[in-house]
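Chemist: Attaching a single structure in C-alpha cells format; questions to follow.
The values are calculated or read from the model by the stated rules, or taken from the named source; none is laboratory data. Computed from a predicted model, the values in this text were never measured in an experiment. We place every Cβ from the backbone using ideal geometry, glycine too, and count neighbours over all the protein chains shown. To get the accessible areas, we keep the full protein, side chains included, count just its heavy atoms, and leave off ligands, DNA and RNA. Shrake-Rupley method; radii C 1.70, N 1.55, O 1.52, S 1.80 Å.
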Amino acid sequence: VLLVHGYFCNRGVWLPWLRRLRRHGVPYQALTLEPAFGGIDDWVPAIEAAVAVLTRQTGRPPLVVAHSMGGLAVRAWLAAQPVAAVADARVLRVLTIASPHQGTWMARFGHSPNARQMRPGHRWLAQLAAGESAARHARFTCFFGHADNIVFPATTATLAGADNLHLPAVAHVAMVQHPAVWQAVLGQLQLAHH
C-alpha cells in the first residue's frame, strides 16, 4: 500500500494506518511530500520511487490510498507516465479520500503554487483531466462527503466513471480514519490475493 497525504500535512496523518498495516503484514510506504508548498507535479518523482520500491519488494502493483491533495499528486504521477495503459497497470487501484479532483472553493484562500492549482477551473486541473480516460477513472474509488469542510462542493471530490462513495457527516481530515475507507482497503487487498 502506498499512502499519500494532502495539503499542509505529512505522513503522520497515516500513523493509525501504519500500525494496522504492520499487524496485517502488509508492506507499505507513507510519503511526506516536499516541498510542502511547491507545485503538485513536484511530487511525481517521490511517488514514482515509492511505487518502484513497493513493486520490487512485493512483485505486485501497490494499492494507492491518497487523502485530499494527495489524490491530485497521484493523478499527476499517472499522467507523467509515457504510456497510459502501462501506467494504469502499475497500480492495483487508487482510493482517494476527499480529494479535490475538480478543485475546491477553499483553495481561493491559499497562495502557494499547489493551493492555486486546486482552485476550481484552474488550467492545471483542466490539463490533468483532459489527459485522462474513462478507463483510468474506472480504476479509482473516490470517497467524498457533504460534511467535508475543506473540499466543497462535495461533488468536486468525485471523478466521472469512478466508484464514488459518500461518507455522511464526516469532516475532511476525519475521513482518513473512517471505517468504510479501511474496509475498502482490506477488500482490495483481499481481491488482489485471489
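Chemist: So which pairs qualify, if the first residue must be in the range 1-24 and part of a helix (DSSP H, G or I), the second must be surrounded by 14 or more Cβ atoms within 10 Å (Cβ to Cβ) and of a type in the set (Phe, Trp, Tyr), the Cβ gap must be under 6 Å, and the two must be at least 6 apart or on different chains?
Modeler: Pairs that qualify, where the first residue is part of a helix (DSSP H, G or I) and the partner is surrounded by 14 or more Cβ atoms within 10 Å (Cβ to Cβ) and of a type in the set (Phe, Trp, Tyr), are Leu21/Tyr28.
Chemist: Within the range 110-125, work out how many residues are modelled with pLDDT of 95 or more and either open to solvent by 60 Å² or more (accessible area, probe 1.4 Å) or at positive phi (or both).
Modeler: 5
Chemist: Moving to a separate point now. Out of the residues in the range 76-93 that are modelled with pLDDT under 90 and farther than 16 Å from Ala138 by Cα, state the one that is surrounded by the fewest Cβ atoms within 10 Å (Cβ to Cβ).
Modeler: That would be Pro82.
Chemist: When His146 is evaluated against the numbered criteria (1) part of a loop (DSSP other than H, G, I, E, B); (2) buried (at least 20 other Cβ atoms within 10 Å of the Cβ), which criterion, by number, is the only one it fails?
Modeler: (2)
Chemist: I've got another one for you. Between residues in the range 66-93 that are part of a helix (DSSP H, G or I) and residues that are of a type in the set (D, E, K, R) and buried (at least 16 other Cβ atoms within 10 Å of the Cβ), which pairs lie under 6 Å by C-beta distance while being six or more apart or on different chains?
Modeler: Ala76/Asp41; Asp88/Arg136; Asp88/Arg139
Chemist: With the requirement that a residue be within 22 Å of Ser112 (Cβ to Cβ), surrounded by 15 or more Cβ atoms within 10 Å (Cβ to Cβ) and not hydrophobic (A, V, I, L, M, F, W, C), what does the range 1-31 give you?
Modeler: His5, Gly6, Tyr7, Arg11 - these are the residues of the range 1-31 that are within 22 Å of Ser112 (Cβ to Cβ), surrounded by 15 or more Cβ atoms within 10 Å (Cβ to Cβ) and not hydrophobic (A, V, I, L, M, F, W, C).
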